[in-house]
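First up is the structure itself, then whatever we jot down about it.
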Amino acid sequence: MGLCFSVPEGVMWPPSLRNIFKELEDDVGVTRTSGDLSGWAKQGVLLLNAYLIVKEGQPLSLATKENDVFTEDVIRYLNSLDQPIVFLLWGGFAKRYAPLLTNPNHLVLKAAHPSPLSANRGGFFGTRPFSKINRYLENHHISPIDWSK
């Protein structure tokens, strides 16, 4: 779909997305019925994976230097904006971009990846990212995200 973790209607949710939705329900009480995250994107949530594409069932199969350069350029550009932005870095590959996020107008939240292996080891469940994001947005007079969409 071109959106990190998102799957079209009717497609079985991958384990990471199931864990995201479990945390979403535990955090803000929202129960999702669709794995399509287009509604989040329409509200301004950029769903960017550290690696843009992979072969199904083969993590990091298409990781390239060009991909890294693109992702770094996007993050550097967003970091240069003075508007308040929340960066949610899930997992080791995402966290390596944290040093690029130096703008004091932004909030950087880091946690373990929502994959079953990482999430169950600790560091993902209970981090309450969705309420933290909305609280930050509201504190900066920005409409919160409706996570049910």
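The values are calculated or read from the model by the stated rules, or taken from the named source; none is laboratory data. Model, not experiment: these values are computed from the prediction. FYI the Cβ positions are ideal-geometry reconstructions off the backbone, even for glycines, and counts take in every protein chain you see. To get the accessible areas, we keep the full protein, side chains included, count just its heavy atoms, and leave off ligands, DNA and RNA. Shrake-Rupley method; radii C 1.70, N 1.55, O 1.52, S 1.80 Å.
Separation between the Thr31 and Arg128 pseudo-spin-labels, each 7 Å from Cα along Cα→Cβ, expressed in nm?
Distance between the two pseudo-spin positions: 2.2 nm.
Just to be sure I follow the definition: excluding the sites themselves, where is the longest run in the chain that has none of the GluC sites (Glu not before Pro) in a DSSP loop with at most 11 other Cβ atoms within 10 Å?
With GluC sites (Glu not before Pro) excluded where exposed in loops, the chain gives 57-149 as its longest stretch.
Taking the Cα centre of the chain as the origin and placing charges on Cβ (Lys, Arg +1; Asp, Glu -1), which of Tyr77, Ser148, Val108 is farthest toward the positive end of the dipole?
Selected residue: Val108.
Would you tally the net charge around Phe125, using a Cβ to Cβ cut-off of less than 13 Å, leaving Phe125 out, and scoring K and R as +1, D and E as -1?
Surrounding charge for Phe125 is 0.
What residues have an amide H closer than 5 Å to that of Val108, excluding those fewer than 5 places away on the same chain, when H is modeled at 1.01 Å from N in the peptide plane?
Phe87
I'd like to check one number: the per residue accessible area of segment 22-149, probe 1.4 Å, reported in Å² as a whole number.
On a per-residue basis, segment 22-149 sits at 59 Å².
Take the alpha carbon atoms of the chain, find their radius of gyration, then divide it by 2.2 N^0.38 Å using N residues; give the quotient.
This ratio for the chain stands at 1.02.
Set the Förster radius R0 to 35 Å, insert the Cβ-Cβ distance between Thr102 and Ser148 as r into 1/(1 + (r/R0)^6), and round the FRET efficiency to 0.05.
Approximately 0.60, to the nearest 0.05.
Extension gain Asn139-Leu109, at 0.36 nm per residue separation less the Cα-Cα distance, in nm?
Gain on extension, Asn139 to Leu109, equals 9.2 nm.
If you plug each phi of segment 27-32 into the Karplus form 6.51 cos²θ - 1.76 cosθ + 1.60 with θ = phi - 60°, what whole-Hz ³J(HN,Hα) values come out, in order, with x for Gly and Pro?
These are the phi-based 3J(HN,Hα) values: 7, 10, x, 8, 9, 8 Hz.
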